[in-house]
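To start, the structure under review is shown below, and the notes come after it.
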Amino acid sequence: MGERYLIDTNSVSDYFGAKFPAKGMEFMHSVVNQTPLLSVMTRIELLGYVSPIIEQLRSFVGYDLTLITHNTSDFEGIPSLRIVDPYLLA
């Protein structure tokens, strides 16, 4: 099995809005085709609710997931969390 991804709300929204550069969209297409994971918080946020997600993401570190987000500064304090920002893929 390849890398497993957890997609943050902003990346889901930007993917559906086709806002990423071409390489970012290609990356997201490949991730979506692998059946990525969405946290409960992302699902709630996509339905229009706002709630803090930092504590929930801390729990995902043990699952060997890579977070896809453009809000990288939100997650700087979580050691060993791997992050991919589709806007920065070249």
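Here is how the numbers come out for the structure above:
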{"item": "Given (1) part of a helix (DSSP H, G or I); (2) at pLDDT 75 or above, index of the condition M41 fails", "result": "(2)"}
{"item": "Residues of the range 1-41 satisfying the condition of being surrounded by fewer than 16 Cβ atoms within 10 Å (Cβ to Cβ), touching a Ser or Thr at 6+ places or on another chain (Cβ under 9 Å) and of a type in the set (F, W, Y)", "result": "none"}
{"item": "G48 surrounded by fewer than 19 Cβ atoms within 10 Å (Cβ to Cβ) and either modelled with pLDDT under 80 or at positive phi (or both)", "result": "yes"}
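The values are calculated or read from the model by the stated rules, or taken from the named source; none is laboratory data. These numbers were taken from a predicted model, which means no experiment stands behind them. Backbone-built Cβ (ideal geometry, glycine too); neighbour counts: all protein chains shown.
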